[in-house]
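The values are calculated or read from the model by the stated rules, or taken from the named source; none is laboratory data. Not measured: the values here are computed from a predicted model. Counting neighbours? That spans all protein chains shown, and the Cβs are built from the backbone with ideal geometry, glycine included.
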Amino acid sequence: MIELTRAFVAVEISEGARRQIADRLAILRREPGGPVRWVRPELMHLTLAFLGEVAPDFIAAATLRLTEVASGHRFFTMQLKGLGAFPSPSRARVVWIGVAQGRDEVCALQAGVVKALRSVGHQPERRPFSPHLTIGRVRVPADVSGAVAGQFESESFAIKRVVLFRSVLEPSGPVYSVLAEFPLCA
């Protein structure tokens, strides 16, 4: 039997931005409101494509294609800014931080990643890509208007690589490990 790997493709955020988010989460945890499960800052990343459970041969083919994609995109600077919720603050399932600087670049990179993955058999999500960093999840839709009413702005940081991650779901939460890294062009 083939062992499948739960995987996703993402870009990582800087340690400085993680600290800034951790500070913001300390404030948000004190807010009254819905039962939000806040993401631990060390697990935060900006997902370009969720792959689900995939076979080793898919990972090998995807790795080759992702190398090509990354080499065709230049380093860029990103800044996270703003708070919001999907599908809306009054019926939130996901609480997020948006992307200000680097938005066009990350959208172009994500489109390249999706095209490459499609060429090796991956079926991407049908929803249009909206670059964001998930900071909280809500099991039952809840009103998080108070939590997202505040402001957030991170430091600017460089995006220099794309990462293929393995995700193992544990009772204490997900555990991520790097399967492959794809440097962007200098």
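Within segment 118-142, residues that are among the acidic types (D, E) and modelled with pLDDT of 95 or more reach no partner that is surrounded by fewer than 12 Cβ atoms within 10 Å (Cβ to Cβ) and assigned to a loop (DSSP other than H, G, I, E, B) with beta carbons closer than 7 Å at six or more positions or on different chains. Within segment 51-80, the set of residues being buried (at least 16 other Cβ atoms within 10 Å of the Cβ) and under 18 Å from F152 (Cα atoms) comprises M78, Q79, L80.
Is it fair to say R40 is among the charged types (D, E, K, R) and touching a residue at least 40 places away in the same chain (Cβ under 8 Å)? Don't jump to the end; show me each part of the working.
Numbers: among the charged types (D, E, K, R): yes; touching a residue at least 40 places away in the same chain (Cβ under 8 Å): yes.
For R40, the condition - among the charged types (D, E, K, R) and touching a residue at least 40 places away in the same chain (Cβ under 8 Å) - is met.
Here G98, G173, G82, G121 are screened, and the one residue that is on the phi < 0 side of the Ramachandran plot and among the small types (G, A, S) is G98.
Being among the small types (G, A, S), in contact (Cβ under 8 Å) with a residue 60 or more places away in the chain and farther than 21 Å from A22 by Cβ is the requirement here; does S71 meet it?
On the way: among the small types (G, A, S): yes; in contact (Cβ under 8 Å) with a residue 60 or more places away in the chain: yes; farther than 21 Å from A22 by Cβ: yes.
The answer is yes for S71.
Restrict the check to segment 32-40 and report whether at least one residue is crowded, with 16+ Cβ neighbours inside 10 Å, closer than 27 Å to T63 by Cα and under 13 Å from the mean Cα position of the chain (by Cα). Checked segment 32-40: no residue is crowded, with 16+ Cβ neighbours inside 10 Å, closer than 27 Å to T63 by Cα and under 13 Å from the mean Cα position of the chain (by Cα).
Residues in segment 149-184 that are free of Cβ contacts under 8 Å to residues at least 60 places away in the same chain and either touching a Lys or Arg at 6+ places or on another chain (Cβ under 7 Å) or assigned to a strand (DSSP E or B) (or both): E170, V175, S177, V178, E181. Using the structure shown, decide if A147 is within 17 Å of P41 (Cβ to Cβ), modelled with pLDDT under 95 and either in contact with a Gly (Cβ under 9 Å, 6 or more places away or on another chain) or among the hydrophobic types (A, V, I, L, M, F, W, C) (or both). So A147 fits the description; yes.
Taking the stated definitions as given, is S119 under 16 Å from V69 (Cβ atoms), among the hydroxyl-bearing types (S, T, Y) and either in contact with a Gly (Cβ under 8 Å, 6 or more places away or on another chain) or surrounded by fewer than 16 Cβ atoms within 10 Å (Cβ to Cβ) (or both)? Considered against the rule, which asks whether it is under 16 Å from V69 (Cβ atoms), among the hydroxyl-bearing types (S, T, Y) and either in contact with a Gly (Cβ under 8 Å, 6 or more places away or on another chain) or surrounded by fewer than 16 Cβ atoms within 10 Å (Cβ to Cβ) (or both), S119 comes out as yes. The set of residues in segment 128-177 that are surrounded by 14 or more Cβ atoms within 10 Å (Cβ to Cβ), under 30 Å from A60 (Cβ atoms) and among the acidic types (D, E) is empty.
Applying a threshold of 7 Å to beta carbon distances and a minimum spacing of six or more residues, or different chains, the list of pairs starting in segment 84-102 at a residue that is under 18 Å from P35 (Cβ atoms) and surrounded by fewer than 20 Cβ atoms within 10 Å (Cβ to Cβ) and ending at one that is among the hydroxyl-bearing types (S, T, Y) and modelled with pLDDT of 95 or more reads V94/T134. Return yes when E105 is surrounded by fewer than 18 Cβ atoms within 10 Å (Cβ to Cβ) and charged (D, E, K, R) and no when it is not. The answer is no for E105.
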